Each structure stands twice: as C-alpha cells, then as structure tokens.
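Working notes, structure below.
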Amino acid sequence: MTTLTVPRRGFLAGGAAAAAGLTLGFHLPFGGDASAQSVTPEVNAWVVIKPDDTVVVRIARAEMGQGTLTGLAQLVAEELECDWNKVTWEYPTPGENVRRGRVWQNFGTAGSQGIRQSNDYVRKGGAAARMMLVQAAANEWKVPVGECTVAKGVITHAVTGRSTSYGKVAAAASLLTPPPTDSITLKDPKTWTIAGQPLKRLDTPEKLNGRQIYSIDVKLPGMLNAALKICPVFGGKIKNFDVTQIENMPGFKKAVRVGDTGVAVIADTWWRAKTALDALPIEWDEGPNSKVQQADILAAQTEGLTASEAILGSKNGDAHAALASARRTVEAVYAVPHQHHVTMEPMNATALWTPQKCEVWTATQNAEAALATATEVSGLPIDKNEVYRLHLGGGFGRRSSSQDFVRYAILIAKEMPGTPVKTIWSREEDMTHGWYHPATQCRLIAGFDDQDNLNALHMRISGQSILATISPARLQNGRDAATFQGLNPEGPESQLGYTVPNLLIEHAMRNSHVPAGFWRGVNNNQNAIYLECFLDELAHSAKQDPLEFRRKLMANHPKHRAVLDAVAEKVGWGTPPPAGVYRGLAQQMGFGSYVAACAEVSVSDAGILKIHRIVAATDCGHAVNPQQIAAQVEGSFVYGLTAALYGEITIANGRVEQENFDTYQMLRMDEMFDVETIIMPSGGFWGGVGEPTIFVAAPAVLNAVFAATGIRVRQVPLSKTSLKKA
Amino acid sequence: MTRLSINDVVYDLDVEPETPLLWVIREQVGLTGTKYGCGVAQCGACTVHIDGVATRSCAIPVSTVTEQQKIVTIEGLSPDLAHPVQKAWLELDVPQCGYCQSGQIMAATALLNANPRPTEQQIREEMTNICRCGTYNRIKAAIQLASNTMAG
C-alpha cells in the first residue's frame, strides 16, 4: 500500500490519478490520441486511418447519450467498407471547422437532427475515402482500379493475388484528389451490414470505470475553480457584494462580477469557491420582475384562451361556422407548466483567457454556437478562440437553448488572465437559471354533425413562445412557427395525422419573463397532450372506440395510422387487458418520424397509479442502430412521464421555486414499467429518434388513466389531481 | 491532515473537516469518476463504497470518515472492466450519457454483495439512483445478468 501526501491545492500530475490508471492529458485539437493523430494524415475530413489499420471517424455532432456518435460512425464505416472492430472516433473542433470552410458543416445537435440531417454527406465522406484508398492501392500495383475489391479494410486484386490493408495505403490515399461528389454512389440501405445493425455503442467502456472525461472533470495545469450566482429573479442585476466577509476563507482567490447580472467566487477548489460564495453578502437589484407570481403567468394564459386576436397556425374549411351549426359540441381546456431539463451534469465550462487567445472546454449541443459566444465575450477575433468538446452528461435541449455556461465561464476567466478557470453551476443555480419548457394552455372546441362525425375543431393555444425568448429574429411577423409542431397541415417534419373538415389552430402568444427553451420533444409535447387527450374525450363522448375514432380521421395519413395500428395489434387492442388494467392510446408525428404508444395502467382505490407496460412504435424511415433506437424509446418514456407525473416549475416573486431533486421529483426505477418497442422503418425518408416518443408518453398514460378511473386529467403534472376513488 | 484510504491507497489530505467526501475525492484526490449531481443525497451520482456499503458521498463530511474505513470509488472497482457488474453493463450496453452510471454501478455492486440473488422487486426498491436518460430497464436487466454470473 502506498501513502500519498496531497498538496493543499491542485491535483497530482501522475499521482493519484495515475495510480487509478487515468490519463490526465487533453486531446487537442481532436478527441483521439493527439500524438498519433498528428503524424497520420487524414484521408479526408471524415476519415483518418492509422498505420495499424485503426479507423478514426470524425464526429461533428454531439454525443449526449442519444447514440448519435455510434450511429454516425456506422454510416461512415458502412460506406468506407472498413472493419467495424477497428473503428474509433474523435471530435473536430468548431475552430477547425471555421478554418476549413465548414468542411464538417453543422455541429448543432438538437431537433433529433444529428443523423437524419447529416446522413447523406457523412456517408459520402466514407464512400469518398474508400474510393481514394482503393485508388491508392491500384496505383501502387499499377492495375485498373475496377479490378480491385475491398472488404473489411482489406483491398484485393484477385487477378494478381495481391492484397493490402487500408493502413498501408492511407498515406498515399491522402495525397489523391477526392472524387467529385456527384461520382459517389451510396449503397442501397437494404444491403447495409454495419449500418442498420444493433451494434454496441463505441463509447460505453469508459463510462463503466470512471475514465470518461465529462466537461465537469476537466483538469488543466494551474486551474482554479469558480462558483457563481446569477440574480435569482430573471432580468435582475447585481448591485453589491462584500468581499471582506470572505477573503480570508480557505482557498479564496477573488470575487468578481459576472456581467451585470451575477457574482462569482474563484478559489483553488470548487467546494471552497462555493462555500465562500454561500457566505458572501450579496445585494441584488431584482427589478420589476420580482413582483411576478405564478398566478399572473396563468392569468395571462387564461386571458389568451378567449382573446379576440390570435396568430393563425393553420386552417381549412370554416371552423367557426361549423361549430355554430354543430349538432353538439365538446369543449375542454388543458394546461402544461414549465419544465426544467435537469441534465445530470450541471452546467459548467472551463475557460482560459489571455489578451491573445480564448480557449474553452465544455459540453455543448452546439459547439459552433459556443465558439460564436466565445468570440463575442472574449473580445478577440474568431480565429483567436477555440472550443474543445467533451461528452455531455445529458443535453435534452438545455445545452442548445443557450451557451450561457460558456459566456459566464469566459467572463469569469477574463478576471484571471492566463489562468484556466472552471466554472461549475451548483444544482440549485442550474435549476433556477434554466431555459424552461414553455408553459401553455389550450382551449379545444369540437363540433359533431348529424351523423355524429367530427366536423369541426378549434384549437386555441395560449402561452409562451420559445423563439420569442431564444431567437426573436426567427419570428415571422410575430408568428412562432414552432408553436404548431405536430399540427402542421403538411410537410415532412411535423404533420398533423388527422383530417377534420373544418379546422382552425391558433396561438395567442403570452410571454412572461421566464426564459423558454428547447426541451426535449419541444412543442410537440404539449400539442400531443392537447390533441390526443381531447380526441380521447371526443371518442368517449361519441361512444366510439378511441382507436376506431382516430382511424376514421386518418385515411389521408397512412404512415401515422400504420404506427398506431402496430401498437394496437401488439398490445392486443380489442381483447380484454388483464383484470384491473386499462389502456390508452396516442400517436403523433414530429422531427420527421411517426410514433405511437399504448399504455397499460392500473389505479388503486387509494389513487395510486401503476404503469405496467407501454407498447411503442416508431417509423423513422431508416433505422441506423435498432438497439439504440429502443434505448431512446425507453428513455423517452422516462423523460416524458417524469414531466407528466411530477414535473412543474413554478414562479414566486419572479424566481423559480424548485431548486433541487427534493422539490423537483424524478421517476425512478421503482416506478419503471416494461417497454416493448416496435421499430418499423418504412424507408424513403430520414426521421429523428431522440425525441419523438416523448410526445406520446403523457397522452397515452393520461388516456389510460381516464379508462381506469373516469377522471380526465387536463392539467400536467398528474400529481396535482387526486385519482382516489370517490 | 485528514487521512483516507481510497482504492487501497492512503492519502494525507489538507481539507476543511466539513468538506463533503465527494469533493475531496474529486478535487483533492483527483478521481473524477465519482460525480456531482445534486449535493443533497438525492440522485446517487456520487455513490461510493465505504466498507462495502453504498454511500452518497456528496452529503457526508470528510471528518466523519476514518482512516480505517475502506473507500472504493468506480476507479477502484476494476479499471479493466473485469468486475461482473461492469461486464453485464457492457454486455447490455446500459449507459446513454453515462454521467449517472458510476453511481449506478457502485449501488448495484453493493446491492449484489449484500444480496447476491435479489428479486426483481428488491432491485426496484434498492436502486434509487436517478438516471435522466432513463436506462432503468437496462440497469435492472444488467443487475440480474450480473447476479446470475456471480452466483453461477
């Protein structure tokens, strides 16, 4: 046994960490082995092949758990015809992307776009590399390239009986002119052997022994740590703080203003920084928002439900006239509150600023946006900034909605030029300074004709717009198109799955001072709750089966109907469930994919809900890694139902009331249910996977709760409604 | 000086006695596999073993741990993934983002050490760590797989 004396501050290079087998080094500029990388020329931007045949695939998109990294590597490897067992990966930096004319295109990883948006050009990158490697071998052998074949990274010329490997010809291949893009023919997905297979993730082993370095784990020589507090009231400012009260505390280095909204304490360790910050007397200028209460936000939404003016989403026929002449109408109001992302890894970033250069190490869903933020905050030209990317301990839209964690880290590091400073948000700071799922309500009115067919539907959404917070420039004449996700009359992204003769969908935009952001699933989530629960109400009012009621409206939407039919068949819809168990259905299209779910639940006399099983179907066009799609489907139910059962961020005196997991409850394993996933890619399009299933999680369960209890839950979270038997 | 035994190495550390064990492990010792998630013993990302018992290290002051107590972190479980629980996690490709998985694995190994053949219900009740990615079903299946391997 060894005894180590650890110095008061800092880490031991090669000490404890080395004893545990960790590497301290940082991989610059790429994620892989920098020393080997520097001597191995790339075949092209996407592919580096080392002399030992190791294939390094460059991954532009971010890995935050959703499996995109492995899926993209599969697509490249498929066209490259390499040996999957030799595939590894690295992250290019956004600075390198700028220097190379955006050769890797978009780094943004949101909207379930990682694979669907880049599949074409990454596959072409793999195919081009293959063509160059084979050409290099043909050149060396002085034979026609058409006579050479390749399999698993081994190139063969059968006529002369010669063969070589990618590693041996990579250097020569790197000198060749890349083939023109239009000369590249991609494989028919039906012939895939690497893509489309349920392969293991490339990034699992490091997550099992502590070696995976997340952003929060970054260590740099001489690094200090910062804890920060931003004004608890959104829009408030820092007025004063009394540093004399903390400057003698252990490890203390400096207390600094963070812009005009916050204060940070820099110390040798983060715990000492946080301890000192907690002891720091701070005076805030909370501003007028400190008077805003939850009731005010709800009142504005309620007013919007019946306001005379609203923004048009879409319309066909004349819903007002049809409702006025309807034989009968049904009306309901639903409400969905703010939600927080709660990534397991709280926001953080490390920055090193000098008058010459600004470097940032962080976990972001959009490294290009992080670089833009660095450029803005550092005061240095873009080519003097760089962002090094690390795996994300969860993203869910938080790390794409804003790069505020980068902004604050640089503002703080600028106060210590030449010293790297890691800024970590406490969980409390993270939860109270989010970019929240927008809070909205919806009033729905349906009209039935003389044959009791649904003839008219008016949906009035009232509440917050995400784009109005995040990106007002993207509003079109004040209209936030994203508000209508899942309700659009046409298009490949998020199309309504029903035909109603007279339809009117509107949005009364009612924004508050609470920042709204992209929360996994985004506006599809509440729109699916509104529409799918209301359709369930309508079916019940018409004394029709909820499946058949929907199917009658879906004749023009065969793909929507196919996933719904698939779950109905698998769950055994129409046959009795086990005693005491009740079923609920939902379907929705979003992020290019079609999803449906059927939940089976029971509710005890005491009102305790138990979810037994959920059967889910996904048509995402092409399935790149079925086992990872299944993982995303399961995880989406956990994420969506955590919100539906428990999630609610509320405002008091202008600030968020929930600060940690003790007041913002999560679904845990004791409540987990079986998930059966049907993956039914119908081809011809590329849909997303990371988010869509979330849309149907809540409505399927809420509809099953109605079937079980007769109680129609119209306010999320469910925990606010008693399900106790009357 | 505080003296701690972590992964069979003894460390002499100059820290304030009220510092949570988590931050001593992460910042003074430099083992970052143990994660910060909440600081209030809710999420379990900081789970380590103290004398074999799964313990949420974010909420216990370092002064309450003695030098005789053996602390094991994820790095001490098996760096080469030889532990049956790690093998099961690998076999079932459990992690998504992976941030909570150190804590999940440490909780699972402590559970199996205390109860080598847990029922499904016992696993549900004992595994209270939060996973925001929602890997609960694969975690449960991996514990059952590891249990079979260890007992077999």
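The values are calculated or read from the model by the stated rules, or taken from the named source; none is laboratory data. As the structure is a prediction and not an experimental result, all values here were calculated from the model. With ideal geometry, Cβ positions are generated from the backbone for all residues, glycine too; neighbour counts draw on all protein chains shown. Surface accessibility is based on the protein's heavy atoms, side chains included, excluding ligands, DNA and RNA. Shrake-Rupley method; radii C 1.70, N 1.55, O 1.52, S 1.80 Å.
What single numbered condition from (1) within 29 Å of the chain's Cα centre (by Cα); (2) assigned by TED's automatic domain parsing to the domain that holds A:Arg443; (3) open to solvent by less than 30 Å² (accessible area, probe 1.4 Å) fails to hold for A:Trp361?
(2) is the only condition that A:Trp361 fails.
Condition first: out of contact with any Gly (no Cβ under 6 Å at 6 or more places or on another chain), more than 14 Å from every other protein chain (Cβ to nearest Cβ) and within 23 Å of A:Gly111 (Cα to Cα). Now tell me which residues in segment A:650-682 satisfy that. Lay out the reasoning, then the answer.
Just the residues of segment A:650-682 that are out of contact with any Gly (no Cβ under 6 Å at 6 or more places or on another chain), to begin with: A:650-680, A:682.
Of the ones still in play, those that are also more than 14 Å from every other protein chain (Cβ to nearest Cβ) are A:650-657, A:678-680, A:682.
Residues satisfying the conditions are A:Ile678, A:Ile679, A:Met680, A:Ser682.
As an exercise: evaluate A:Glu569 against (1) in contact with a helix residue (DSSP H, G or I) (Cβ under 7 Å, 6 or more places away or on another chain); (2) over 19 Å from A:Cys533 (Cβ atoms); (3) assigned to a helix (DSSP H, G or I) and give the number of the one condition it does not meet.
For A:Glu569, the exception is condition (1).
The rows are residues; the columns are (1) under 27 Å from the mean Cα position of the chain (by Cα); (2) farther than 30 Å from B:Ala88 by Cβ.
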{"residue": "A:Arg162", "(1), (2)": "no, yes"}
{"residue": "A:Ala170", "(1), (2)": "no, yes"}
{"residue": "A:Pro180", "(1), (2)": "no, yes"}
{"residue": "A:Ser183", "(1), (2)": "no, yes"}
{"residue": "A:Thr191", "(1), (2)": "no, yes"}
{"residue": "A:Gln197", "(1), (2)": "yes, no"}
{"residue": "A:Lys200", "(1), (2)": "yes, no"}
{"residue": "A:Asp203", "(1), (2)": "yes, no"}
{"residue": "A:Ile230", "(1), (2)": "yes, yes"}
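Quick check on this structure: which one of A:Gln464, A:Gln441, A:Gln451 is among the polar types (S, T, N, Q) and open to solvent by 40 Å² or more (accessible area, probe 1.4 Å)?
A:Gln451
In segment A:286-311, what residues are closer than 11 Å to A:Met509 by Cα and not acidic (Asp, Glu)? Working first, answer last.
Start the filter on segment A:286-311 by keeping residues that are closer than 11 Å to A:Met509 by Cα, which leaves A:300-301, A:303-305, A:307, A:309-311.
Of everything in segment A:286-311, those that are closer than 11 Å to A:Met509 by Cα and not acidic (Asp, Glu) turn out to be A:Ala300, A:Gln301, A:Gly304, A:Leu305, A:Ala307, A:Ala310, A:Ile311.
Considering only strands (runs of 3 or more DSSP E) fully contained in segment A:114-193, which possess at least 2 residues that are in the same structural domain as A:Leu72 (by TED's automatic domain parsing) and touching a Cys at 6+ places or on another chain (Cβ under 9 Å)?
Details: elements: A:148-151, A:154-157, A:162-165.
So the answer is A:154-157.
Any idea which of (1) β-branched (Val, Ile, Thr); (2) more than 30 Å from A:Asn289 (Cβ to Cβ); (3) away from chain B (no Cβ under 14 Å) is the one A:Ile614 doesn't satisfy?
(3)
Assess whether A:Thr469 counts as being among the hydroxyl-bearing types (Ser, Thr, Tyr), open to solvent by 40 Å² or more (accessible area, probe 1.4 Å), on the phi < 0 side of the Ramachandran plot and over 22 Å from the mean Cα position of the chain (by Cα).
Details: among the hydroxyl-bearing types (Ser, Thr, Tyr): yes; open to solvent by 40 Å² or more (accessible area, probe 1.4 Å): yes; on the phi < 0 side of the Ramachandran plot: yes; over 22 Å from the mean Cα position of the chain (by Cα): no.
No.
Inside segment A:250-369, counting only helices (runs of 4 or more DSSP H) that do not spill past its ends, which hold 3 or more residues that are within 14 Å of chain B (Cβ to nearest Cβ)? Before the answer, list the steps.
Numbers: elements: A:270-279, A:294-306, A:319-324.
Of the helices (runs of 4 or more DSSP H) lying wholly inside segment A:250-369, those with at least 3 residues that are within 14 Å of chain B (Cβ to nearest Cβ) span A:270-279.
Is there any pair linking a residue in segment A:370-390 that is without any contact (Cβ under 8 Å) to a residue 40 or more places away in the chain to one that is open to solvent by 30 Å² or more (accessible area, probe 1.4 Å) and aliphatic (A, V, I, L, M), with Cβ under 7 Å and at least six apart or on different chains, and which?
Every condition considered, the pairs that remain are A:Thr375/A:Ile382; A:Val377/A:Leu411.
With open to solvent by less than 10 Å² (accessible area, probe 1.4 Å), more than 8 Å from chain A (Cβ to nearest Cβ) and not hydroxyl-bearing (Ser, Thr, Tyr) as the only criterion, which of B:Ala82, B:Ala107, B:Ala142, B:Ala151 stands out?
Values: B:Ala82 fails: open to solvent by less than 10 Å² (accessible area, probe 1.4 Å); B:Ala107 fails: open to solvent by less than 10 Å² (accessible area, probe 1.4 Å); B:Ala151 fails: open to solvent by less than 10 Å² (accessible area, probe 1.4 Å).
It is B:Ala142.
Take the residues in segment A:643-673 that are of a type in the set (Asp, Glu) and in a helix (DSSP H, G or I); name whichever of them is nearest to B:Gly44 (Cα to Cα).
Within segment A:643-673, the match that is nearest to B:Gly44 (Cα to Cα) is A:Asp670.
Would you tally the residues in segment A:144-153 being touching a residue at least 24 places away in the same chain (Cβ under 8 Å) and surrounded by 13 or more Cβ atoms within 10 Å (Cβ to Cβ)? Break it down stepwise before answering.
Taking segment A:144-153 as the starting set, the residues that turn out to be touching a residue at least 24 places away in the same chain (Cβ under 8 Å) are A:150-153.
Within this subset, residues satisfying the condition of being surrounded by 13 or more Cβ atoms within 10 Å (Cβ to Cβ) are A:150, A:152-153.
Qualifying residue count for the region: 3.
Looking at segment A:445-484 only, could you name the residues that are in contact with a Cys (Cβ under 9 Å, 6 or more places away or on another chain) and within 23 Å of A:Glu548 (Cβ to Cβ)? Steps first, answer last, please.
Narrowing segment A:445-484 to residues in contact with a Cys (Cβ under 9 Å, 6 or more places away or on another chain): A:459-463.
Matches in segment A:445-484: A:Met459 only.
If you check A:Ala508 against the conditions, is it open to solvent by 30 Å² or more (accessible area, probe 1.4 Å) and farther than 21 Å from A:Val713 by Cβ?
Details: open to solvent by 30 Å² or more (accessible area, probe 1.4 Å): no; farther than 21 Å from A:Val713 by Cβ: yes.
No; evaluated as a whole, the condition is false for this residue.
Against the definition (of a type outside the set (Ser, Thr, Tyr), in contact with a helix residue (DSSP H, G or I) (Cβ under 8 Å, 6 or more places away or on another chain) and either within 7 Å of chain A (Cβ to nearest Cβ) or surrounded by fewer than 17 Cβ atoms within 10 Å (Cβ to Cβ) (or both)), how does B:Asp93 come out, yes or no?
yes
Yes/no matrix, rows are residues, columns are (1) touching a Leu at 6+ places or on another chain (Cβ under 6 Å); (2) within 10 Å of chain A (Cβ to nearest Cβ):
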{"position": "B:Ala41", "(1), (2)": "no, yes"}
{"position": "B:Ser57", "(1), (2)": "yes, no"}
{"position": "B:Pro61", "(1), (2)": "no, no"}
{"position": "B:Glu75", "(1), (2)": "yes, yes"}
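Listed here are the residues, each with its yes/no results for (1) surrounded by fewer than 24 Cβ atoms within 10 Å (Cβ to Cβ); (2) more than 27 Å from the chain's Cα centre (by Cα).
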residue: A:Ser325; (1), (2): yes, yes
residue: A:Asn348; (1), (2): no, no
residue: A:Trp353; (1), (2): no, yes
residue: A:Gln356; (1), (2): yes, yes
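Tally time: how many residues in segment A:215-250 are open to solvent by less than 30 Å² (accessible area, probe 1.4 Å), in contact (Cβ under 8 Å) with a residue 60 or more places away in the chain and over 26 Å from A:Tyr388 (Cβ atoms)?
Residues meeting the conditions: 3.
Of the residues in segment A:370-385, how many are of a type in the set (Ser, Thr, Tyr) and outside any helix (DSSP H, G or I)?
Of the residues in segment A:370-385, the ones of a type in the set (Ser, Thr, Tyr) are A:373, A:375, A:378.
Cutting the leftovers down to outside any helix (DSSP H, G or I) gives us none.
Final tally of qualifying residues: 0.
Residues of segment A:115-141 being open to solvent by 10 Å² or more (accessible area, probe 1.4 Å) and β-branched (Val, Ile, Thr), which ones?
Across segment A:115-141, the qualifying residues are A:Ile115, A:Val134.
Go over the candidates A:Gly635, A:Gly584, A:Gly640 one by one and state the one that is open to solvent by less than 10 Å² (accessible area, probe 1.4 Å) and in a strand (DSSP E or B). Let's see the steps before the verdict.
Details: A:Gly635 fails: in a strand (DSSP E or B); A:Gly640 fails: in a strand (DSSP E or B).
Result: A:Gly584 is the single residue among A:Gly635, A:Gly584, A:Gly640 that is open to solvent by less than 10 Å² (accessible area, probe 1.4 Å) and in a strand (DSSP E or B).
Can A:Lys200 be described as open to solvent by 20 Å² or more (accessible area, probe 1.4 Å), of a type in the set (D, E, K, R), more than 30 Å from A:Ala349 (Cβ to Cβ) and within 14 Å of chain B (Cβ to nearest Cβ)?
Values: open to solvent by 20 Å² or more (accessible area, probe 1.4 Å): yes; of a type in the set (D, E, K, R): yes; more than 30 Å from A:Ala349 (Cβ to Cβ): yes; within 14 Å of chain B (Cβ to nearest Cβ): yes.
Against the criterion (open to solvent by 20 Å² or more (accessible area, probe 1.4 Å), of a type in the set (D, E, K, R), more than 30 Å from A:Ala349 (Cβ to Cβ) and within 14 Å of chain B (Cβ to nearest Cβ)), A:Lys200 qualifies.
Quick check, is A:Ala597 within 21 Å of A:Leu641 (Cα to Cα), among the hydrophobic types (A, V, I, L, M, F, W, C) and over 27 Å from the mean Cα position of the chain (by Cα)?
On the way: within 21 Å of A:Leu641 (Cα to Cα): yes; among the hydrophobic types (A, V, I, L, M, F, W, C): yes; over 27 Å from the mean Cα position of the chain (by Cα): no.
Against the criterion (within 21 Å of A:Leu641 (Cα to Cα), among the hydrophobic types (A, V, I, L, M, F, W, C) and over 27 Å from the mean Cα position of the chain (by Cα)), A:Ala597 does not qualify.
Listed residues A:Phe685, A:Phe695; which is part of a loop (DSSP other than H, G, I, E, B) and either in contact with a Gly (Cβ under 8 Å, 6 or more places away or on another chain) or open to solvent by less than 10 Å² (accessible area, probe 1.4 Å) (or both)? Let's see the steps before the verdict.
On the way: A:Phe695 fails: part of a loop (DSSP other than H, G, I, E, B).
Result of the check over A:Phe685, A:Phe695: A:Phe685.
I'd like to verify a number: residues in segment A:156-182 that are exposed (fewer than 12 other Cβ atoms within 10 Å of the Cβ) and among the basic types (Lys, Arg), how many?
Of the residues in segment A:156-182, 0 are exposed (fewer than 12 other Cβ atoms within 10 Å of the Cβ) and among the basic types (Lys, Arg).
Please note which helices (runs of 4 or more DSSP H) are completely contained in segment B:42-126 and include at least 3 residues that are without any contact (Cβ under 8 Å) to a residue 40 or more places away in the chain.
Values: elements: B:74-77, B:84-91, B:101-114, B:120-126.
Per the criteria, B:101-114, B:120-126.
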